[in-house]
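The values are calculated or read from the model by the stated rules, or taken from the named source; none is laboratory data. Everything numeric in this text was worked out from a predicted model, so none of it was measured. Cβ placement follows ideal geometry from the backbone for every residue including glycine, while neighbour counts extend to all protein chains displayed. Heavy atoms of the whole protein, side chains included, go into the accessibility calculation; ligands, DNA and RNA do not. Shrake-Rupley method; radii C 1.70, N 1.55, O 1.52, S 1.80 Å.
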Amino acid sequence: MGFLHSGLLWFAAAGSIPILIHLFNRQRYKRVQWAAMEWLLAAMKKTRRRMQLENLILLLIRVLVLVFLAGALARPFMQSAFATPFAESNTHAVIVLDVSYSMDYRGPDRTTPMEKGRQVANGILNALKTTENDRFSLILLTDSPESLIGEPSSNVENGRRQVGERGVTDYGTSVAETMELVRDALKKSTNMVKKVFIITDNQRHAWTVSEKDRTRVSELYREVSDLTAPNGGGILVYDVGGNVVDNLGVVSLDLADGQKVIATDQPSEFTATIRNHGPIQVSGVSMNILIDGAKQGSYSLTIDPNALLKQKFVHTFRDPGPHSITVELEADALSHDNRRSFAVNVRDALRVLIVNGERGTSTSTDEVAFLKTALNPSIDQRERLSHFLITEVLENGFMREDPRKFDLVILANLETIAPEEVTSLEEYVRSGGGLLMFLGDKTEAYTWNQAMFRNGEGLLPCELEKPAGYPDNRDVFGITGVDYDHPALSFFRDLKASLTRLPISQYYAVKPWDPRPDVRVMAGLNVPGGAPPPLLVERRFGRGRAVLCTTAPDLEWGLMPKFPGYVMLMDQICSYLAAPVQRFRNIEVGEPMEYTLRATEFAKKFEVVGPRQTSSEVSPVQVNDQAWHLSFGGTSEAGVYALMRVRDDEPAPALVSYYAVNVNADEGFVEKLSEQELRSIFPQLKFTYVDQGLGTEPKAITVKAPASNIWKYLLGAVLALLLAETVLAQLFGARR
Amino acid sequence: MAEPSKYLDPHVLNRISRLNLRARSVMEGFVSGLHKSPYHGFSVEFAQHREYTPGDDLRFLDWKVYGRSDRLYIKQYEQETNLRAYILLDASESMDYKSENLSKFDYAATCAASIAYLTMEQQDSAGLVLFDRQVTKFVHAQCSPAHLKVMVTEMEAAKTTEKTDFSHVLHDIAERIKQKSIIVLISDLMDNPESILSGLQHFRHKRNDVIVIHVLDEYEARFPFDRMTRFDGLEGYPHLIVDPKALREAYLEEVSKFTSEMRRGCLAQRVDYVQVTTDQPIEVAMSSYLARRMARTRAK
């Protein structure tokens, strides 16, 4: 015998209350002197036995009422031959149905795992005895899991309808994420037997977790296993996936390496990566390129088994503004991953504001002369030899410029910086702008630290100490410790020498700091002895980025500007900082679309037009005096979404930006995880594996629960005892 | 200090006196008519006539009236009924019990004083015996206002601390009263009926007329307690903690059984038995008894 809520058994102690009341009442009496004791004693002698019996009966009834009530609340159950006649089905079935897009894989038998899954789910629902005590919950298994029926329900008809209506989504799979909802559903359950039915194609990817999350997920699985363990419950994994794996998928679409800026009239290079998940070479597969929905070209591909193919293609945009690029493979067994899009904002030019801290009369004495030439070699700045359009101001003219008009602000060897300028720059970077800071002989460390570092709160990634290196440029340091994974330096992965041999003689030493997630050292200086001092350090600040270069951009602290690598380095860093952030336009299914409005873009109403041309209204939320924010969460379907501005003074909605919402590419790899592997990866997860072929009826759905309805009988006994107590108390009382 | 007239409540006396005046024959009956006096009165001053009742001395029959009217009248004279009344007042500890206003002793003493007063008013003599397990005070019967005062003072001075023991004390008193008298026993009768009846029989044996006034406190008669009560017994009984509601029925049965036994015993010995409770107005209780006694007497 056991108890479902054994904690409530403590209430049985309430059974002592009538006894305590009885004893307490015996202590609370009126005291009188009494003459007729003879009669009282005679009466006492006559009635003592009867009174004691009556009192005992009433006391016993009252104690039993409370004890039985506590017993009923504790929900006792019994698993014995004696209790069998009382037994009823009492199972809570948590049905977890995988609706990730891999469930749409149409195998050689022309069926999909989803169709099998629906059949299994309906079989479970049919097997439930809801007229007894069986209940169910329905949870959709994706990487954005949803509790369709979270509260334990007995409405099987609704369950069947929900299962029937739900189709495969564009989501990926994460069992770990979904198990959180399973745990919540189990915790709500009051049933004796708790069973979790995970109906999935059981692909490897669904069970994968990062090393960081492994401990947490293992604990979660242990908790769910423990919750389902008692009374013959458990976790059943219904594997409805097929065994054949042949699928092509576009796993990525991005700008080609080194291509950071997409400008009008300049060829832009893209890379589409296609994976053959199958064991057979695929040849002659056509891949179409669509720009803004219109087909622009096509490639015929041959891909080796289990291999990746990177297919580059070039397109030149003529018009600035938002554009979408889509690659599309011809149909195969799983269509969801055959298409991938990329949204870009094409610029006619990138506007750069250079604040010159030391204007010279010649190229060699001017702080930024080399830098300007590197960014735009045109003699006439209006000439389009580069996508950079440069505006130069002196230190004292900085205040007159509004940084928000520029894509990049470069501070070159400024002595100090005014608080208003700091505020303006911080707002600019926080809202997505790029900032590049060069130091030099004029840099006043104390002032800079006060204004720009502010104990780690400011734009400077680290605290400045003092100039160091070889005075008068007697010798040079090379560059070392280059982070080639950094987008600004990845270009040099194959051109390392051109970067590492750049000669730098002097630099600004900085204080060491504890690692921070928002600060990244991109490169250091090859100084003999000790750790290399940082040369390039990036600080992520809000939605923007600031890069500190601890040396000067001119010849004063080294001969770097005279080397070709200088031009490439400046171009890469400045392109990286100034390029429109494309990442936020390219998201996965389920991620929210985010957009920060500039003042000129403001409107009260925006619309998001989805891949099926359905439109949803979005209203901006004011963040501060200058900024409004838009957020749209309805990206449950893969494809290109258009953010449109609706203004009364404009004849038609204006396109603000495209968003490419893509499926999780890993989901397309329909490789199955075997039962043994699953058990070895997560030994904490105790489950029964059911290889569920089509047409096989689900088995082991419900179990006869231990007699758990004893509480009903106890409650009946409580009522009977209460009735008896009332009658007997009346009867005994009438005699008194 | 208690007032001398504590038990002579003018209000009560007034009520009883007027009652007496209104029902003179009742009072007469109380002292003479119902109990044929063994003594003759010494007074010769004619007071009034009254109808003859069997037992009256034929010497006082007015033959002239009989001759004229063919009806029998007795001539009554002042101090005609020079009788003795001994009031036996129980002064045991149990009489000290009171629930509301008067203790049983106070109630009994008021009855005793009132009877003594009325008796003396009619020039009869009254005596007082206070007792518990033994006689604590014996005041011989006399007839004078000063004597009444003595009786009242004795009643006021009585201390109620001892247990009653009728088996000895009534025999003792019976032996000490040499002349035939009216014996008025006022007590709560907290003893066994056999002992009490045995003592009463002794009085009857000596040809005394006996009236038993059984005084009960209203709570003793009704037992109205309703919550857990500790009863601290008087007269040396132990305490008892009980739920009175559970005991009431049995208790009242016991009371009824006792009073029935007493009533039967008294009837058998031709002793008047009157039960009064302390919540009854004394005059009402007495007049009720006297009315019944008169009716019974007339019926003889």
- request: Take the alpha carbon atoms of the range A:139-176, find their center, do the same for the range A:624-650, and report the distance between the two centers in whole angstrom.
  value: 29 Å
- request: State the extension gain, in nm to one decimal, for the chain segment bounded by A:Val314 and A:Met399, taking 0.36 nm per residue of separation less the distance between their alpha-carbons.
  value: 26.5 nm
field: Distance in nm between pseudo-label sites at A:Thr363 and B:Arg270 (7 Å out along the Cβ direction from Cα)
entry: 16.5 nm
task: Would you mind listing how long the range A:248-347 runs along its three principal axes, going by Cα atoms, in whole Å with the largest first?
output: 43, 25, 18
task: Enumerate the amide H contacts of A:Leu460 below 5 Å, restricted to partners 5 or more residues apart or on another chain; note that Pro and chain-start residues carry no placed amide H.
output: A:Phe453
query: Summed for both chains, how many Å² of accessible area, to the nearest 100, are buried between A and B with a 1.4 Å probe?
result: 3100 Å²
field: For the range A:43-75, residues shielded by at least 40 square angstrom of accessible area compared with the chain on its own, probe 1.4 Å
entry: A:Ala43, A:Met44, A:Lys46, A:Met51
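Whole number please: convex hull volume per residue of the Cα set in the protein assembly as shown, in Å³? Let's see the in-between values first.
On the way: hull volume 362.5 nm³, N = 1036.
Output value, Cα hull per residue: 350 Å³.
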message: Take the residue pairs A:Lys194/A:Lys712; B:Lys137/B:Lys178; A:Lys442/A:Lys496; A:Lys187/A:Lys212; A:Lys116/A:Lys672; A:Lys312/A:Lys372 and return only those whose Cα atoms are more than 28 Å apart.
response: A:Lys442/A:Lys496; A:Lys312/A:Lys372
- request: Per DSSP H run of n ≥ 4, the term is -39500 (n - 2.57); total these for chain A, divide by its residue number, and report the mean residue ellipticity at 222 nm rounded to 500 deg cm²/dmol.
  value: -8000 deg cm²/dmol
message: Which residues belonging to the range B:241-288 lose at least 30 Å² of 1.4 Å-probe accessible area when the assembly is complete, relative to their chain isolated?
response: B:Ile241, B:Lys245, B:Ala246, B:Leu247, B:Glu249, B:Ala250, B:Tyr251, B:Glu254
query: What is the percent of Cα-Cα separations in the range A:513-562 that go past 17 Å?
result: 47 percent
field: Accessible surface, chain A, averaged per residue in Å² (probe 1.4 Å)
entry: 45 Å²
message: Can you tell me the orientation of helix A:156-165 relative to chain A, as the angle in degrees between its alpha-carbon axis and the longest Cα principal axis, to the nearest 10?
response: 20 degrees
statement: A 1.4 Å probe over the protein heavy atoms gives the range A:294-450 a carbon and sulfur accessible-area percentage of 48 percent
- request: Determine the equivalent ellipsoid of the range B:81-299 by diagonalising the alpha-carbon gyration tensor, then write out the semi-axes as square roots of 5 times the eigenvalues, largest first, rounded to whole Å.
  value: 29, 19, 17
- prompt: Against the longest alpha carbon principal axis of chain A, how many degrees, from 0 to 90 and to the nearest 10, is the axis of helix A:113-127 turned?
  reply: 20 degrees
field: Proximal aspartates and glutamates relative to A:Lys310, as straight alpha-carbon distance under 18 Å, when same-chain residues fewer than 8 apart are discounted
entry: A:Asp254, A:Asp257, A:Glu269, A:Glu328, A:Glu330, A:Asp337, A:Asp494, A:Asp666
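Hey, got the dipole for the range A:513-590? About the Cα centre, +1 on K and R Cβ, -1 on D and E Cβ, debye to the nearest 20?
Its charge dipole is roughly 300 debye.
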message: Full-extension gain between A:Thr500 and A:Glu330, please, as 0.36 nm times their residue separation minus the C-alpha to C-alpha distance.
response: 56.7 nm
query: Sequence-distant or interchain residues sharing an amide H contact under 5 Å with B:Tyr273, placed H: which?
result: B:Val212
- request: Could you look at the range B:202-295 and say what percent of its accessible area is carbon and sulfur, using a 1.4 Å probe and all protein chains?
  value: 51 percent
- request: Give me the aspartates and glutamates in straight-line cross-link reach of A:Lys46: C-alpha distance below 12 Å, same-chain residues under 8 apart excluded.
  value: B:Glu249, B:Glu253, B:Glu254
task: Using a 1.4 angstrom probe, figure out how much accessible area the range B:81-299 has per residue, in square angstrom, rounded to the nearest whole.
output: 40 Å²
- prompt: Roughly what angle does helix A:710-735 make with the longest principal axis of chain A, taking Cα atoms, 0 to 90 degrees, to the nearest 10?
  reply: 40 degrees
Assigned charges on the beta-carbon of Lys, Arg, Asp, Glu; the range A:270-417 dipole about Cα centre (debye): 380 debye
query: How high is the relative contact order of the range B:45-175, in percent, counting Cα pairs under 8 Å that sit 6 or more residues apart?
result: 23 percent
- request: Search the structure for amide H atoms under 5 Å from the amide H of A:Leu236, placed 1.01 Å from N in the peptide plane, and list their residues when 5 or more places away or on another chain.
  value: A:Val196, A:Phe197, A:Ile198, A:Thr688
statement: Shape call for the range A:350-578, from the Cα gyration tensor axes a ≥ b ≥ c (a/c under 1.5 means rounded, otherwise prolate when a/b beats b/c, else oblate), comes out rounded
Cα-derived Rg to Rh of the range A:585-662, Kirkwood definition: 0.96
query: Under a straight-distance cross-link criterion of Cα-Cα below 16 Å, which aspartates and glutamates are reachable from A:Lys511, leaving out those fewer than 8 residues away in the same chain?
result: A:Glu444, A:Glu457, A:Glu463, A:Glu465, A:Glu538
task: Provide the per-residue ³J(HN,Hα) series for the range A:559-567, in order, calculated from phi with Karplus coefficients 6.51, -1.76, 1.60 and θ = phi - 60°, each as a whole number of Hz, with x at glycine and proline positions.
output: 9, 3, x, 8, 9, x, x, 4, 4
query: Ranked from highest to lowest mean number of other Cβ atoms within 10 Å per residue, what is the order of the peptides A:553-560, A:678-685, B:194-201?
result: A:553-560, B:194-201, A:678-685
